Structure formats: C-alpha cells, structure tokens
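This report refers to the structure that appears directly beneath it.
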Amino acid sequence: MTQRVVRQADRIANTLYARGHQDLGKKLNRVVSLGEKMVSQTDQILAGHKPASRIYSLHEKKIAAIKKGKSHVVCEFGSLVALAMNEDGLILSHREYQHNVADVKTIGPLMVRFKKNTEQSPQEVSADRGFDQSSDKQKSCRRRWQINRLAVPKKGRKPHPDSEKTWFRKALKRRAKIEPVISHLKNDHRMNRCRYKGVFGDTVNVVWATLAWNTKKIISLNRAKSQKDDLKRLKRAA
C-alpha cells in the first residue's frame, strides 16, 4: 500500500514539475523520498538487517530512540533533557539532546549553562551513578567547573571513597528530590510530549515547562518566608 501511494505521488510530482509548479513539486518530492526510505527500511528490518540511519517519525527527522534501561519502559522516542536544580527546587539550567547521549556527557554542558545563568559555579554537585567516572576524571572536572565537592555513587560493588561521609549522604538525598520535580514537569507542565516542531521547538517546550515550575516554586517559597516572618513577629510581640 505504501509503495502504491509513493508511486502515485511520484507521478504527481513529475506532473507538477512539467506544468511549472516547481515549489509544489519540490515539497511533494521530499515526501516521496521519505516514503521510499520507509519502504526500504521496512524491507531491511523484515530481512533481519539493521538500517544505517533509521527513520522513527514522519514529521520529526531528528527524533532519537532513547534506551531507558528499565524493565517497564525499554525505549522511548523523542529528545533527552538534562536538568540542574538547586536546593530550593528551582530549575537553574537545562540542555536538550536530539540523540541518545550518555548521562556522563551531559553534566559538562549543563554546568557551563549553570554558570552562565547564575554567574557563579555551584559549590557542590550531586548526580546518580549514571554520571560516574574515574577518580582522576572527577578531579579534573571539579577543577574545570570550579566545584568543591562532587557526589556521584560508583558503579559496581566497590563504593565511593566518601560514601560514608555525612556530606555525601546528604548530597544524594538532595539529588533524589529532582525525581518528583521531573514527574511534575512531565504531567503538570506538558514536558512529556512536545507540541512544537523541530529542535528549536523542543527547547521552547522545556523553557515553558521550567518557567511554569519555577514561577509556582518562587510563589511557594515567598509564601513560606512571609509566614515564617509573621510567626517571628508574633513571638516577639508575645
């Protein structure tokens, strides 16, 4: 069925070229080329081969297949988003990727944007074990990013040298706080599905979601601060 539609569209595209409608012919010809790639890709997959560059979406060419490494969700299609959150729960930096990139390669660009947005480097950074590197690389990263402490659990059975220290445990607890924030961004602020087109649209979607979350968080922090100040005034008056 797809081959039949592609052949019909190819004949129509040639007719448009012959009648002088070059712009319409080019647009339809791009769709025909995409259809031919889909048919060829399907033949290769059914034959047991892996296509060199697989098409996952008709409307978004740069969508990637992102392996989650979890039993309930083996793979997702879309873009990968890296987030940096401070102790107050505010998203201070983010970065989007249209390919399946390793977690350890996302923290560097994230720290660069963090410093650009806040005009200062964080004193302490924590992440999950997916960001683990060798001790020498971690020391080099701390010097490069001007970070005092980097709390990342080690992969495998061998624990981190500082895993029993109080600051390391507290840092990992703070890292766990970003999990519900990610859930709120996806379910409450539409970051689970992008309604905008292209790479720029992915960035716009994340910007709107983080802006909505930060606005709510700032209002909540200000309300808590005002309530605390009112309680102090009541205690002084008493």
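See the values below:
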quantity: Cα-Cα pairs of the chain separated by more than 26 Å (percent); calculated: 57 percent
quantity: Segment 2-46, relative contact order [Cα under 8 Å, separation at least 6], %; calculated: 45 percent
quantity: Average Cα contact separation per residue, the chain, under 8 Å, 6 or more apart, as relative contact order %; calculated: 12 percent
quantity: Inter-label distance, nm, simple model (7 Å from Cα along the C-beta direction), Ser226/Arg174; calculated: 2.8 nm
quantity: Fraction of beta bridges assigned by DSSP in the chain that are antiparallel (%, nearest 5); calculated: 75 percent
quantity: Förster-model FRET efficiency, 22 Å R0, Arg113 and Lys154, C-beta, rounded to 0.05; calculated: 0.25
quantity: Simple spin-label estimate for Gln138 and Arg54 in nanometres, 7 Å along Cα-Cβ; calculated: 3.5 nm
quantity: Residues Val199 and Gln120, FRET efficiency given R0 of 25 Å [Cβ-Cβ distance, rounded to 0.05]; calculated: 0.30
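No lab work stands behind these numbers, since they all come straight from the coordinates. Here the structure is a predicted model, which means the values were calculated and not measured. Methodologically, a virtual Cβ is constructed for each residue, glycine included, from the backbone with ideal geometry; neighbour enumeration extends over all protein chains shown.
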